[in-house]
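All remarks here apply to the structure that follows.
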Amino acid sequence: MYLPAAFEERRPEVLHALIAAHPLGTLVTHGPEGLDANHLPFELDTAQGSHGTLRAHVARANPVWQQAADTAVLVIFQAAGGYISPNWYPSKPEHHRHVPTWNYQVVHAHGVLRIHHDERFLRGLVGRLTREHEARSQQPRPWRMGDAPSDYIAGMLQAIVGVEIDITRLVGKFKLGQNREARDRLGAADGLERLGANALAHAMQSAGPTTDD
């Protein structure tokens, strides 16, 4: 990933926070048939490994767990992004030396893919993912695995395979206008807010500029 110094984010707690807030990751693998990508909701365990551990599950019918087991993989997590119009920069009328761009926040997690078949691992993983996302969906009575017949859950668990990645390297790129004048960065954030793109706007408002030139 091309990573200008102005946009590099190294703080583990910030990178972990983005992953936790946006857990649908793109698992990129390279197997016998070339590059492949699978989109999976991941669990992040920051207590394990030097940079944390990612866990998810795939359908047993998905060949990725056979083709990419014990190989180096990349998981990409992305927060809100959006188009930035030069018209939002207060400095535009002064010199017109601006062009459109796209701002975004991404985290790349590198590691080696390990496979788990045992029911205890799968049941625990599915249970934790369910509790987390049922809580996020603000259900008055959150769904639990125990709500479904036990034989049905057992059959569903047999149809999936667990994947685990100990993160060996985390790379963050937060392109939020840090390379521009503060007034232009904040002007673009105001433009996004008018469109309702509040998440990206707030990220830009809190990203200090690296230069005031």
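The values are calculated or read from the model by the stated rules, or taken from the named source; none is laboratory data. These numbers come from a predicted model, not from an experiment. Ideal geometry is used to build each Cβ from the backbone, glycine not excepted, and the neighbour counts take in all protein chains shown. Accessible surface is based on the protein model in full, side chains and every heavy atom, while ligands, DNA and RNA are left aside. Shrake-Rupley method; radii C 1.70, N 1.55, O 1.52, S 1.80 Å.
If you take the residues of region 97-143 that are out of contact with any helix residue (DSSP H, G or I) (no Cβ under 7 Å at 6 or more places or on another chain) and among the basic types (K, R), which of them is nearest to L3 (Cα to Cα)?
R97
Can you say whether P90 is in contact with a Ser or Thr (Cβ under 7 Å, 6 or more places away or on another chain), open to solvent by 30 Å² or more (accessible area, probe 1.4 Å) and of a type outside the set (S, T, Y), as far as the supplied structure shows?
Here the answer is no, as P90 does not meet what is asked.
E132 is checked against (1) within 17 Å of D45 (Cβ to Cβ); (2) touching a residue at least 60 places away in the same chain (Cβ under 8 Å); (3) more than 20 Å from the chain's Cα centre (by Cα) and fails just one. What number does that condition carry?
The single condition E132 does not satisfy is (3).
Check T71 against each of (1) over 21 Å from the mean Cα position of the chain (by Cα); (2) surrounded by fewer than 14 Cβ atoms within 10 Å (Cβ to Cβ); (3) in contact (Cβ under 8 Å) with a residue 24 or more places away in the chain and name the one condition it does not meet.
Going through the list (1) over 21 Å from the mean Cα position of the chain (by Cα); (2) surrounded by fewer than 14 Cβ atoms within 10 Å (Cβ to Cβ); (3) in contact (Cβ under 8 Å) with a residue 24 or more places away in the chain, T71 breaks only (1).
Tell me which residues, restricted to region 53-84, are among the aliphatic types (A, V, I, L, M) and in a loop (DSSP other than H, G, I, E, B).
Passing the criteria: A61, A68, A69, A79, A80.
Please pick out the residue among D166, D184, D212 that is modelled with pLDDT under 95 and surrounded by fewer than 22 Cβ atoms within 10 Å (Cβ to Cβ).
D212 is the lone residue from the list that is modelled with pLDDT under 95 and surrounded by fewer than 22 Cβ atoms within 10 Å (Cβ to Cβ).
Residues of region 149-165 being out of contact with any Phe, Trp or Tyr (no Cβ under 7 Å at 6 or more places or on another chain) and not acidic (D, E), which ones?
P149, S150, Y152, I153, A154, G155, M156, L157, Q158, A159, I160, I165
Based on what the data block shows, is A199 open to solvent by 30 Å² or more (accessible area, probe 1.4 Å) and without any contact (Cβ under 8 Å) to a residue 24 or more places away in the chain?
no
How many of the residues in region 24-33 are modelled with pLDDT under 95 and either in contact with an Asp or Glu (Cβ under 8 Å, 6 or more places away or on another chain) or among the small types (G, A, S) (or both)?
So the answer is 1.
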